[in-house]
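Enquirer: Handing you this structure, nothing more for now.
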Amino acid sequence: MNKDIESSRARVSRRRALTLGGTVGLSGLIAACSTGGSSDTPPTTAAGSASDDAVALLARAPQCVAGKEETQGPYWFDVDSIRNDIREDRPGTTFEVVLRIQDSDTCTPASGGGIANAVVEIWHCDAGGVYSGFESGSRSANGYPPQAATPGGPPTQDAPGADTSFILSNGSYSAGDVESATTDDGTYLRGAQVTDGGGIATFTTIFPGWYTGRTSHIHLRVHIDKKTVLTTQLYFPEDLIDEVYARSPYVEHTGREANVTNATDSLFDESGMLTVVPTADGYRGAVNIGV
């Protein structure tokens, strides 16, 4: 495993999440997502104004397509923080995710049908295929050897596979939702945004690595009026996956040739396909999600 990935996993804990740059607890913002929230005045601490390039890319992506309900997987927990940049210090190719949440009942390509003040959260694995909060289980599921003990600390043991226990979230926008009980303090590659007046939210992250038994993907949940209305996943073109994974640090996660692709993944759905273009420092991917 790439040493940069391993060392960066050790440096940021969940206890530090609310001190990271760009992070705001949702309790002060969630009122805007209630029925009384105004679509004309989105919270200034939320997504902000999307760039012209981001809006133009959304216009190129398929419009007014209902998002498919998909499993949240074993590695979701309510990180309960608003932030645009979810990388922390995770190494990998920079990837900007541009999302527009559309009302499937009123959406037209001309209007956009964007839903303001929806809370959108994403999470995904790092370049080595490991999820924050569940490093032991996801390492084991990817076939990594047990982690070495921290010098001066207790021994570290990997949990078998993706086994987790489940609790009920008490977070601002997911109260009562079933979440997995975390096994470590990591929060990297997780976060939420509140959509702007056009229904748009953007995130800065890294291109996700691959996880055993799945094609490359990003998990997504959409919340309106404090209720979860959609849980789904986002996907990438195969040629782009090949291009990114030929580089460091992704190339150090060996064995992908035996893993599934979009065509053989049991959950893949075209409604979650990102429209992607290169940028100066990585890529930008856009998708319109109807709810």
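The values are calculated or read from the model by the stated rules, or taken from the named source; none is laboratory data. Just so we're clear, the structure is a prediction, and the values are computed from it rather than from any experiment. Methodologically, a virtual Cβ is constructed for each residue, glycine included, from the backbone with ideal geometry; neighbour enumeration extends over all protein chains shown.
Yes/no matrix, rows are residues, columns are (1) surrounded by fewer than 19 Cβ atoms within 10 Å (Cβ to Cβ); (2) of a type in the set (Gly, Ala, Ser); (3) touching a Leu at 6+ places or on another chain (Cβ under 8 Å); (4) under 21 Å from VAL55 (Cβ atoms):
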site	(1), (2), (3), (4)
GLY186	no, yes, no, no
HIS223	no, no, no, no
LYS227	yes, no, no, no
GLU252	yes, no, no, no
ALA263	yes, yes, no, no
ALA286	no, yes, yes, yes
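Enquirer: Okay, next question. For PHE207, state whether it is touching a residue at least 60 places away in the same chain (Cβ under 8 Å) and either within 21 Å of ARG87 (Cα to Cα) or among the basic types (Lys, Arg) (or both).
Expert: yes
Enquirer: Give the residues of region 52-67 that are in a loop (DSSP other than H, G, I, E, B) and surrounded by 16 or more Cβ atoms within 10 Å (Cβ to Cβ), sorted by residue number.
Expert: Passing the criteria: ALA61, GLN63, CYS64, VAL65, GLY67.
Enquirer: Within region 241-251, identify whether any single residue is of a type in the set (Gly, Ala, Ser), closer than 20 Å to GLU121 by Cα and modelled with pLDDT of 95 or more, and answer yes or no.
Expert: Taking every residue of region 241-251 in turn, none turns out to be of a type in the set (Gly, Ala, Ser), closer than 20 Å to GLU121 by Cα and modelled with pLDDT of 95 or more.
Enquirer: Looking at region 247-291 only, could you name the residues that are more than 20 Å from GLY92 (Cα to Cα) and touching a helix residue (DSSP H, G or I) at 6+ places or on another chain (Cβ under 9 Å)?
Expert: THR261, ASN262, ALA263, VAL287, ASN288, ILE289, GLY290
Enquirer: For residues that are within 12 Å of TYR75 (Cβ to Cβ) and touching a Lys or Arg at 6+ places or on another chain (Cβ under 9 Å), scanning just region 160-186, find the one that is modelled with the highest pLDDT.
Expert: That would be GLY186.
Enquirer: Show the residue pairs meeting these rules: Cβ distance below 9 Å; 6+ apart or different chains; first residue within region 237-256 and of a type in the set (S, T, N, Q); second residue in a helix (DSSP H, G or I) and modelled with pLDDT of 95 or more.
Expert: From residues that are of a type in the set (S, T, N, Q), there are no pairs.
Enquirer: Also, I was wondering about something else. For region 111-121, which positions are buried (at least 24 other Cβ atoms within 10 Å of the Cβ) and touching a Lys or Arg at 6+ places or on another chain (Cβ under 6 Å)?
Expert: Matches in region 111-121: GLU121 only.
Enquirer: Hey, can you tell me all the residues within region 92-110 that are in a loop (DSSP other than H, G, I, E, B) and crowded, with 22+ Cβ neighbours inside 10 Å?
Expert: Of everything in region 92-110, those that are in a loop (DSSP other than H, G, I, E, B) and crowded, with 22+ Cβ neighbours inside 10 Å turn out to be GLY92, CYS107.
Enquirer: What is the number of the single condition among (1) assigned to a loop (DSSP other than H, G, I, E, B); (2) touching a residue at least 60 places away in the same chain (Cβ under 8 Å); (3) more than 18 Å from the chain's Cα centre (by Cα) that THR187 does not meet?
Expert: (3)
Enquirer: ILE122: assigned to a strand (DSSP E or B) and either modelled with pLDDT under 75 or in contact with a Pro (Cβ under 8 Å, 6 or more places away or on another chain) (or both), yes or no?
Expert: no
Enquirer: Yes or no: region 104-115 includes at least one residue that is acidic (Asp, Glu) and at pLDDT below 95.
Expert: Looking through region 104-115, at least one residue is acidic (Asp, Glu) and at pLDDT below 95.
Enquirer: Oh, and also: Out of all the residues in region 265-275, which are in a strand (DSSP E or B) and either surrounded by 20 or more Cβ atoms within 10 Å (Cβ to Cβ) or of a type outside the set (A, V, I, L, M) (or both)?
Expert: THR275
Enquirer: Taking into account only those residues within region 236-250 that are part of a helix (DSSP H, G or I) and among the aliphatic types (A, V, I, L, M), which is surrounded by the most Cβ atoms within 10 Å (Cβ to Cβ)?
Expert: Applying the filter and picking the extreme gives VAL244.
Enquirer: Quick test of your reading of the structure: VAL130 fulfils all but one of (1) buried (at least 24 other Cβ atoms within 10 Å of the Cβ); (2) aliphatic (A, V, I, L, M); (3) at pLDDT 95 or above. Name the failing condition by number.
Expert: (3)
Enquirer: Test each condition in (1) out of contact with any strand residue (DSSP E or B) (no Cβ under 6 Å at 6 or more places or on another chain); (2) crowded, with 18+ Cβ neighbours inside 10 Å for ASP89 and report the one that comes out false.
Expert: (2)
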